[in-house]
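Working notes, beginning with the structure itself.
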Amino acid sequence: MSEDSYQQLQVLDERIELRVKAIRNENDWWLCKRGCDHCCRHLASPPELSHLEWMRVDEAVAALDISVRSEIKKKINLLLMQIASNNMPTHIICPYLDEDSGSCLIYDARPIICRIYGYFVARDGDFYCKFIETEVSSRVDSNVVWGNAEAVYNTLNQISGEPIPFEVHYSQATSLPCIEGC
Ligand code: SF4
C-alpha cells in the first residue's frame, strides 16, 4: 500500500468516525457498541472490498498468531467452497470474527462497510440492522443525522477502485493467510 493511498484511506476512516461519534453522542441509547457482533454473524454476502481494503485486511491477518491465521484460513476455504458450489448459508459469519469472544480479529483494519454499518444510509439501501431500525422508529423524537454512504463509497472508489469479490481476491494463492509450510 503506498503511503499516499494509505493516508487517504485513513482520512476516510477518520471522516466516518466523526459521524459515528456524533450519532453516538447525540443518541446515548445507540445500540452499536463493543460486544454486539450481530452484523458480523449475518453478512448478506461474502466480503467484497476495494484493493486497498483487501491489502489492509491481508496485512492485519498476516500479523496474527499462526493458530489464529490457521482458523481464518479454514473459514476462508469453507466459504470459497460454498461459493463455488453455490451453496451459501442464509447468514454468513465473517471469517475474521472471533466467534467465541464476538470480537473482530482485524478491528483496526476492518473494511469501510464495517465502519459505516449502523450509522450510514444511501438512496438504494440503508446500512443498519433491524434492531437499529426498530429503535429509531420507536423514538418519535429521534432526529438522526445519518452518514452519507454514497459519498463514502464515491471517495473509496476514487482512492481504491472497484470492489473485488471475495473469491476473486482469494483465487490468488498469495492472498490466503500463510501458515507454516504454505
Ligand atoms: S471484518 Fe470485523 S467488523 Fe467487519 S464483519 Fe468481519 S468481524 Fe465484523
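The values are calculated or read from the model by the stated rules, or taken from the named source; none is laboratory data. If you're wondering where the values come from, they're calculated on a predicted model, not measured in any experiment. Virtual Cβ from ideal backbone geometry, glycine too; neighbours counted across all protein chains shown.
Of note:
- Of all residues in segment 51-78, those that are within 15 Å of the ligand (Cβ to nearest atom) and in a loop (DSSP other than H, G, I, E, B) total 2.
Each row is one residue, and each column tells you yes or no for (1) at pLDDT below 95; (2) more than 30 Å from V11 (Cα to Cα).
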{"site": "K75", "(1), (2)": "no, yes"}
{"site": "I93", "(1), (2)": "no, no"}
{"site": "I106", "(1), (2)": "no, no"}
{"site": "R110", "(1), (2)": "no, no"}
{"site": "C114", "(1), (2)": "no, no"}
{"site": "D124", "(1), (2)": "yes, no"}
{"site": "T174", "(1), (2)": "yes, no"}
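- Selection status of H38, at negative phi and within 16 Å of the ligand (Cβ to nearest atom): yes
- Qualifying residues in segment 1-35 (those that are part of a loop (DSSP other than H, G, I, E, B), surrounded by 14 or more Cβ atoms within 10 Å (Cβ to Cβ) and not aromatic (F, W, Y)) - the one farthest from the chain's Cα centre (by Cα): N27
Okay, residues lined up against (1) in contact with a Pro (Cβ under 9 Å, 6 or more places away or on another chain); (2) under 25 Å from H91 (Cα atoms); (3) among the aliphatic types (A, V, I, L, M):
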| site | (1), (2), (3) |
| --- | --- |
| R15 | no, no, no |
| V20 | no, no, yes |
| R24 | no, no, no |
| L31 | no, yes, yes |
| C36 | no, yes, no |
| R56 | yes, yes, no |
| A63 | no, no, yes |
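- Residue selected from segment 56-79 under the condition surrounded by 17 or more Cβ atoms within 10 Å (Cβ to Cβ) and not charged (D, E, K, R), by the criterion nearest to the chain's Cα centre (by Cα): V57
- Selection status of V152, over 26 Å from H51 (Cα atoms) and at pLDDT 90 or above: no
- Among residues of segment 90-119 that are without any contact (Cβ under 8 Å) to a residue 60 or more places away in the chain and under 15 Å from G35 (Cβ atoms), those with a beta-carbon under 6 Å from a residue that is within 9 Å of the ligand (Cβ to nearest atom) and not charged (D, E, K, R) at least six positions away or on a different chain give the pairs D98/L105.
- Top-ranked residue of segment 127-153 - restricted to ones that are part of a helix (DSSP H, G or I), touching a residue at least 60 places away in the same chain (Cβ under 8 Å) and buried (at least 19 other Cβ atoms within 10 Å of the Cβ), ranked as farthest from the chain's Cα centre (by Cα): I132
- Residue match in segment 172-181 (condition: closer than 20 Å to L43 by Cβ and within 16 Å of the ligand (Cβ to nearest atom)): yes
- Subset of segment 79-105 (residues that are near the ligand (Cβ under 8 Å from one of its atoms), assigned to a loop (DSSP other than H, G, I, E, B) and within 21 Å of Y128 (Cα to Cα)): C94, P95, Y96
- Qualifying residue in segment 109-126 (condition: farther than 20 Å from L49 by Cα, within 16 Å of the ligand (Cβ to nearest atom) and of a type in the set (G, A, S)): no
- Qualifying positions in segment 95-126 - touching a Gly at 6+ places or on another chain (Cβ under 7 Å) and either within 17 Å of L156 (Cβ to Cβ) or crowded, with 19+ Cβ neighbours inside 10 Å (or both): I116, Y119, F120
- Residues in segment 154-177 that are among the aliphatic types (A, V, I, L, M) and without any contact (Cβ under 8 Å) to a residue 60 or more places away in the chain: V168, A173.
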